[in-house]
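Take a look at the structure set out below.
The values are calculated or read from the model by the stated rules, or taken from the named source; none is laboratory data. Worth saying up front: this structure is predicted, and the values here are computed from it rather than measured. Backbone-built Cβ (ideal geometry, glycine too); neighbour counts: all protein chains shown.
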């Protein structure tokens, strides 16, 4: 009788603890849920959510023309389906970036004919089935060159584009886009923030204060701060900070809390390590040389290229990167970063997946239980089971097993109790 009670209680206690452990925030399943090849020629991808389970991917495709493909990701099963594909520019396009403007209107910034800088607007229906030109005349915002442009919203109809110019200089420029996508116009405001800058990432720090993270001279990592007024006027450089004096290749920035940011990057040759640093930037744009770096973490001591970092939930973040020099292997991992910038001593969980030409994988939180990774690999979307809530909302096989044993423990407790009553 006592044996029944003891065994039942022990099983129940173990299982309740185990379920919470195995369904914890940040857990990543080892198996890929689904993979869709949306293009066999796609390079230089960027993705943005459209509505619900619909996502839009811009890329350079066949003949280096500009394309948009919409996909649907099932939030429960992770199944990925193709909805529509549209060719937005039939000339050479490089490094496209996409941003939501208003309603069903989106803007694409890219290097087009002669590598000049262009912005074009399109409409995408909420179901992803219809993609069309707005009819607006594309804006040629730089008639010399605009490599790796990144576009962000400033205020109202004002947007900022950071890019690499014809002589390798780093430039930020403001434009206006009406809510219906037409017209698109230059404000006449621009700032050359460095004579040498690549892989620039622009973020809003606070109010009218902005920061650009980028790779500069000797591939070192730098940050420059400046102001952009709501009307598009750009101020001078406020401060400069070198966050890595060795190498910082392809820095990827994610806001953490307040004015603390996390930057993930590869160290490049010869070590090829992958780093994350958390950095505090003053709301006035001042970066304190002595206290700015809050923490540093090496997420891959073997090989890391093209990292992508995005917030999952609470203090958990999802990190993706190419983890082999042959570009045939990538990883998806979860990592904890506290609000004060403290980074956990190790990755919370990770898994490896393989393919070909897996450049710049981008993680997208599709639901509480599914994370999608969009990567070059001839244009693919793969989905993984990644828990972004404290307890999994979709039972997995192991959860069924634990629930079954938990019930068994309960039955043993009841049986032991009834047996004790009968014997007394």
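For region 281-306, name all the residues that are under 20 Å from the mean Cα position of the chain (by Cα) and modelled with pLDDT of 95 or more.
Narrowing region 281-306 to residues under 20 Å from the mean Cα position of the chain (by Cα): 296-300, 303-306.
Hits for region 281-306 are 296, 297, 298, 299, 300.
Within region 124-142, restricting attention to residues that are within 14 Å of residue 183 (Cα to Cα) and touching a strand residue (DSSP E or B) at 6+ places or on another chain (Cβ under 8 Å), which residue is surrounded by the fewest Cβ atoms within 10 Å (Cβ to Cβ)? Can you show your working first?
Of all residues in region 124-142, those within 14 Å of residue 183 (Cα to Cα) come to 133-141.
Still in the running and touching a strand residue (DSSP E or B) at 6+ places or on another chain (Cβ under 8 Å): 133-134, 136-141.
Numbers: 133: 14, 134: 21, 136: 19, 137: 12, 138: 16, 139: 20, 140: 16, 141: 24.
Among those that are within 14 Å of residue 183 (Cα to Cα) and touching a strand residue (DSSP E or B) at 6+ places or on another chain (Cβ under 8 Å), it is 137.
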Is one or more of the residues making up region 9-28 modelled with pLDDT of 90 or more, surrounded by 16 or more Cβ atoms within 10 Å (Cβ to Cβ) and not in a loop (DSSP other than H, G, I, E, B)? yes
Condition check for residue 250: in contact (Cβ under 8 Å) with a residue 60 or more places away in the chain, over 14 Å from residue 284 (Cβ atoms) and surrounded by 18 or more Cβ atoms within 10 Å (Cβ to Cβ): yes
Here are some residues: 291, 271, 296. Which one is assigned by TED's automatic domain parsing to the domain that holds residue 205 and assigned to a strand (DSSP E or B)? 296
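Can you give me the number of residues within region 165-177 that are buried (at least 17 other Cβ atoms within 10 Å of the Cβ) and either closer than 19 Å to residue 243 by Cβ or out of contact with any strand residue (DSSP E or B) (no Cβ under 6 Å at 6 or more places or on another chain) (or both)?
So in region 165-177, the residues buried (at least 17 other Cβ atoms within 10 Å of the Cβ) come out as 165, 170-177.
Now restrict to residues that are either closer than 19 Å to residue 243 by Cβ or out of contact with any strand residue (DSSP E or B) (no Cβ under 6 Å at 6 or more places or on another chain) (or both): 170, 172.
Adding up the residues that qualify gives 2.
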Among (1) at negative phi; (2) modelled with pLDDT under 95, the one test that residue 59 misses: (2)
Which ones in region 289-309 are surrounded by fewer than 16 Cβ atoms within 10 Å (Cβ to Cβ) and over 17 Å from residue 271 (Cβ atoms)? 289, 290, 291
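Of all the strands (runs of 3 or more DSSP E) wholly in region 59-152, which have at least 1 residues that are closer than 28 Å to residue 367 by Cβ and in the same structural domain as residue 163 (by TED's automatic domain parsing)? It would help to see each step written out before you state the result.
Numbers: elements: 66-73, 80-89, 94-102, 105-111, 117-124, 131-133, 139-142.
Result: 66-73, 80-89, 94-102, 105-111, 117-124, 131-133.
Does at least one position in region 355-363 carry a residue that is assigned to a strand (DSSP E or B), in contact with a strand residue (DSSP E or B) (Cβ under 8 Å, 6 or more places away or on another chain) and closer than 23 Å to residue 71 by Cα?
Of region 355-363, the ones assigned to a strand (DSSP E or B) are 362-363.
From the residues that got through so far, the ones that are in contact with a strand residue (DSSP E or B) (Cβ under 8 Å, 6 or more places away or on another chain) too are 362-363.
Still in the running and closer than 23 Å to residue 71 by Cα: 362-363.
Yes - at least one qualifying residue is present in region 355-363.
Can you tell me which residue is nearest to residue 207 (Cα to Cα) among those in region 227-243 that are in contact (Cβ under 8 Å) with a residue 60 or more places away in the chain and surrounded by 15 or more Cβ atoms within 10 Å (Cβ to Cβ)? Show your work before the answer.
Start the filter on region 227-243 by keeping residues that are in contact (Cβ under 8 Å) with a residue 60 or more places away in the chain, which leaves 228, 230-232, 234.
Restricting the remaining residues to those that are surrounded by 15 or more Cβ atoms within 10 Å (Cβ to Cβ) gives 228, 232, 234.
Numbers: 228: 9, 232: 13, 234: 13 Å.
The residue in question is 228.
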Mind listing just one residue for me: the one in region 260-277 that is over 15 Å from residue 298 (Cβ atoms) and crowded, with 18+ Cβ neighbours inside 10 Å and, of those, nearest to the chain's Cα centre (by Cα)? 261
Only residues that are crowded, with 18+ Cβ neighbours inside 10 Å and over 11 Å from residue 154 (Cβ atoms): list them for region 178-189, please. 181, 184
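Filter the strands (runs of 3 or more DSSP E) completely within region 173-215 down to those with at least 2 residues that are at pLDDT below 95.
198-206
Does residue 64 qualify as being at pLDDT below 95 and on the phi > 0 side of the Ramachandran plot?
Values: at pLDDT below 95: yes; on the phi > 0 side of the Ramachandran plot: yes.
Spelling it out, residue 64 is indeed at pLDDT below 95 and on the phi > 0 side of the Ramachandran plot.
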So if I check each of 145, 162, which one is surrounded by 22 or more Cβ atoms within 10 Å (Cβ to Cβ) and touching a strand residue (DSSP E or B) at 6+ places or on another chain (Cβ under 8 Å)? 162
